[in-house]
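Read-outs throughout are calculated quantities, based only on the coordinates presented, and are distinct from any laboratory measurement. Source: prediction; values computed, not measured. Here the Cβ positions follow ideal geometry from the backbone for every residue, glycine too, while neighbour counts run over all protein chains shown.
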Amino acid sequence: MARIDYLKEQVARAERLAKTILDQETVERLQTFAAECRAELMVLTLRPAA
């Protein structure tokens, strides 16, 4: 459960930063990172409990 919480925090933080930063390359990297975290969240939340 800790990993899921961590990923949710990272998504929120990256999206928040992307809204305030003016450098387009950094914004794109933050958005890519947020998408990667969301993808990992999907895998973790859909995985059956072991």
How many residues does segment 13-43 hold that are of a type in the set (A, V, I, L, M, F, W, C), surrounded by 12 or more Cβ atoms within 10 Å (Cβ to Cβ) and within 17 Å of residue 2 (Cβ to Cβ)?
2
Return the total of residues in segment 4-37 being in contact with an Asp or Glu (Cβ under 8 Å, 6 or more places away or on another chain) and either touching a residue at least 24 places away in the same chain (Cβ under 8 Å) or part of a loop (DSSP other than H, G, I, E, B) (or both).
2
Please go through (1) exposed (fewer than 13 other Cβ atoms within 10 Å of the Cβ); (2) under 15 Å from the mean Cα position of the chain (by Cα); (3) not basic (Lys, Arg) for residue 7 and return the number of the only condition it doesn't satisfy.
(1)
